[in-house]
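What follows is a set of notes on a single structure, which appears directly below.
The values are calculated or read from the model by the stated rules, or taken from the named source; none is laboratory data. On a predicted model such as this, the values are computed, not experimentally measured, just so you know. Methodologically, a virtual Cβ is constructed for each residue, glycine included, from the backbone with ideal geometry; neighbour enumeration extends over all protein chains shown.
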Amino acid sequence: MSKKHYGKCALCGKIGTLSFEHIPPECAGNDSLIKAYSFKDLLCDEKDRLPWETEGLHYEQSQNGHGKYSLCEKCNSLTGHLYGKEYQKFDLFALRVVSENKDPNKYCAELKKAYPNRFIKQVLSLFCSIEPEYSAYDELRSFVLDKHAKGLDKDKFRLTMFFVRNEILMYSGNSNLISCDKSKDTIVNQLVAYPLGFLLYLNPSNQKNYEGTDITLFADYDYDHEDDIVFPIDIREVNTGFPLDFRTKDELLKAINTEKVKEPS
């Protein structure tokens, strides 16, 4: 008999049996054996490891992809039915962008016949599953659960997207970005699921610059509104568990070696 998982649904908030929510969606190729490592375990390991050196490190294994027991059956079925296929469309588009980006003079790529509202709701559903107890997401939960809901308070939320070059799945919880006036810090959450990456900013009005392409306006579309969307070709590399760290392996190695030279003998 399979083990039952009980708790509060990350979307509707009801207490009961939880189902497995794939992060990213199962239809985006997240359906096979994975090994999940903790970045904290890597940092605290006695060996002097590089961020991508995981051999011998403790991991958790899943046979059917990465995710969490975070949604009740009803919410899991609803989001998969309403929004899952649109995420798959964007995922395949991003794969093409990353694999075909050979021309340095090509700055944009177009995705035809997209449903922006469906896509942003699937992405926000994933963030809710990552931080299920975070009360600041209550407005996002209501937005996701209502397929006809439109618009987000852009003083509270800002969602950006980028393309990811290396095959990695990583997410980080709430991280504070200190504002200059110190009135109210901006919080950022990062989700990287090759070939897509997302940054969800909270209290974004204190942030002057945003990494990635701002897609918050996707929330202003109707559920059934179809459109052709042009994206800047913004391809990043992610090699650590720190949010907003897009250094390549060579750049990280150079930084590590520089710090070693500075260490007193």
Seminar exercise, completed: Result of the Cβ filter at 8 Å on the stretch 147-169, keeping first residues that are small (Gly, Ala, Ser) and partners that are buried (at least 17 other Cβ atoms within 10 Å of the Cβ), at least 6 apart or interchain, is 149/143; 151/219
Exercise. Tell me, which strands (runs of 3 or more DSSP E) lie completely within the stretch 1-104 with 1 or more residues that are buried (at least 16 other Cβ atoms within 10 Å of the Cβ), touching a Phe, Trp or Tyr at 6+ places or on another chain (Cβ under 6 Å) and touching a residue at least 24 places away in the same chain (Cβ under 8 Å)?
Worked result: 19-22, 67-71
For this session: Among the residues of the stretch 97-153, write down those that are out of contact with any helix residue (DSSP H, G or I) (no Cβ under 7 Å at 6 or more places or on another chain), within 18 Å of residue 216 (Cβ to Cβ) and hydroxyl-bearing (Ser, Thr, Tyr).
Result: 142
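Taking the stretch 117-138 on its own, how many of its residues are surrounded by 15 or more Cβ atoms within 10 Å (Cβ to Cβ) and either free of Cβ contacts under 8 Å to residues at least 60 places away in the same chain or within 14 Å of the chain's Cα centre (by Cα) (or both)?
Number satisfying all stated conditions: 15.
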Exercise. With respect to the numbered conditions (1) under 16 Å from residue 173 (Cα atoms); (2) in a loop (DSSP other than H, G, I, E, B); (3) touching a residue at least 40 places away in the same chain (Cβ under 8 Å), which one is the sole condition not fulfilled by residue 239?
Worked result: (1)
Exercise. What residue, among those in the stretch 112-147 that are of a type in the set (Asp, Glu) and outside any helix (DSSP H, G or I), is farthest from residue 67 (Cα to Cα)?
Worked result: 146
Problem set entry | Counted residues, the stretch 195-222 - those being crowded, with 16+ Cβ neighbours inside 10 Å, part of a loop (DSSP other than H, G, I, E, B) and modelled with pLDDT of 95 or more | 3
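Residue check: is residue 159 among the aliphatic types (A, V, I, L, M), buried (at least 17 other Cβ atoms within 10 Å of the Cβ) and assigned to a loop (DSSP other than H, G, I, E, B)?
On the way: among the aliphatic types (A, V, I, L, M): yes; buried (at least 17 other Cβ atoms within 10 Å of the Cβ): yes; assigned to a loop (DSSP other than H, G, I, E, B): no.
When the stated conditions are applied, residue 159 does not pass them.
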Exercise. Among the listed residues 183, 175, 179, which satisfies the condition of being assigned to a strand (DSSP E or B) and at pLDDT below 90?
Worked result: 175
For this session: Go through the stretch 88-133 and give me each residue that's hydrophobic (A, V, I, L, M, F, W, C) and either at pLDDT below 95 or over 17 Å from residue 214 (Cα atoms) (or both).
Result: 92, 93, 95, 97, 98, 108, 109, 126, 128, 130
Exercise. Taking residue 33, is it farther than 17 Å from residue 126 by Cβ, at pLDDT below 95 and in contact with a Gly (Cβ under 9 Å, 6 or more places away or on another chain)?
Worked result: yes
